[in-house]
Amino acid sequence: MNERARRAPSGFDPGGPLPKSDGGGVVAGEGETLSYLAGHFRILQLQRGNRWSLDELVTAHVASAYSPQTLLDLGTGIGSVLLLLAWKFPAMEGIGVEAQEVSAALAERSIRYDDCEARLRVVRSDLRDSSLFAPGHRFDLVTGTPPYFPPGTGLESTTPQCAPARFEHRGGVEAYAEASARWLAKDGRFVMCGAFIEEARMLDAVRASRLAPEHLLRVIPKAGKGPRVVVLTSRHADAASNSHEASPTIDELVVRDEADRWTEQFRVVRRNFGMPD
């Protein structure tokens, strides 16, 4: 998302929760930016590193349909989805799991800046660790934006954060689906974003974890082009009206029209998170 394009016009008030008046003492350090996120919320990012993008925004948008009280964000990175949903649902409590120290530290500082320390926290660990939470601990919403590429399928960046965010250093969609099934409440939802070329693999992964694929959103960057990413929503098969082998309903979201303007579909997504038109 281009920060200049996302600056609020004069007089724009998105409402919603406010950060601390002093930002909790958090300021952007050398090589960092304090960037616009949702409403008045801001997020710390490295100028040259893994930055929040359309993928996290559409994931949070799909997930917001389920009005979560508790959220588990797997591989939370710098906390984009965690904070987007925290802005949308001021009473929601959430946990982000992140193994990269630099990303986890940025997420924790953003949580402090946005005055969410009482209801959000980051667990610095590998999401594949089955002992992260006590037996029986469940969340009514689990989200995840796994890395898109298996190791060895491309040239990995040496820039901090980037390689593990794009390549499967700690598991791919299968690991995310398995972790979700472990901690998802009986009637909860798992919302996962992935590359369009991995759509079949995502469906196989959730089914292998005894989750029933419910809805699939294909995100098209510009009218006339093909989908770039997909957002898959699943639930426990024993809580669904159909089996884990059933096919999900499919919708499309077009981000820009032929004239390269945001579509009304995408403006709805932005408004959902207090962003100006």
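Results, tabulated for the structure shown:
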quantity: The chain: mean projected area of Cα convex hull, nm²; calculated: 14.7 nm²
quantity: For region 100-107, Karplus couplings with θ = phi - 60° (6.51, -1.76, 1.60), whole Hz, Gly/Pro x; calculated: 7, 4, 5, 5, 4, 5, 5, 4
quantity: Cα centroid separation - region 78-103 against region 51-69, whole Å; calculated: 11 Å
quantity: Loop-located GluC sites (Glu not before Pro) in region 75-139, at most 13 other Cβ atoms within 10 Å (DSSP); calculated: Glu117
quantity: Cα extents of region 17-152 along the three principal axes, largest first (Å); calculated: 41, 39, 26
quantity: Within a Gaussian network of the chain (alpha carbon springs, distance under 10 Å), most fluctuating of His61, His137, His40; calculated: His137
quantity: Max mean-square fluctuation residue, GNM over the chain, Cα-Cα springs under 10 Å, options Thr59, Thr249, Thr145; calculated: Thr249
quantity: Hull volume in cubic angstrom per residue (convex hull over the Cα atoms of region 38-84); calculated: 85 Å³
quantity: Fewest-first sequence of Trp262, Trp183 by Cβ atoms within 10 Å of each Cβ; calculated: Trp262, Trp183
quantity: Sorted by Cβ density within 10 Å, fewest first, the residues Leu253, Leu18; calculated: Leu18, Leu253
quantity: GNM top mover of Pro14, Pro248, Pro135 - the chain, alpha-carbon springs below 10 Å; calculated: Pro135
quantity: 3J(HN,Hα) from dihedral phi, region 261-276, Karplus parametrisation 6.51/-1.76/1.60, rounded to Hz, x for glycine, proline; calculated: 9, 4, 6, 5, 3, 6, 5, 4, 4, 5, 4, 4, 10, x, 9, x
quantity: Inter-probe distance in nm under a simple model that places probes 7 Å from Cα toward Cβ, at Asp129 and Ala246; calculated: 3.7 nm
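Readers should treat all values here as calculations from the given coordinates under stated rules, not as data from a laboratory. Please read these numbers as outputs of a predicted model, since none were measured by experiment. Glycine gets a Cβ as well: all are built from the backbone with ideal geometry, and neighbour counts include every protein chain shown.
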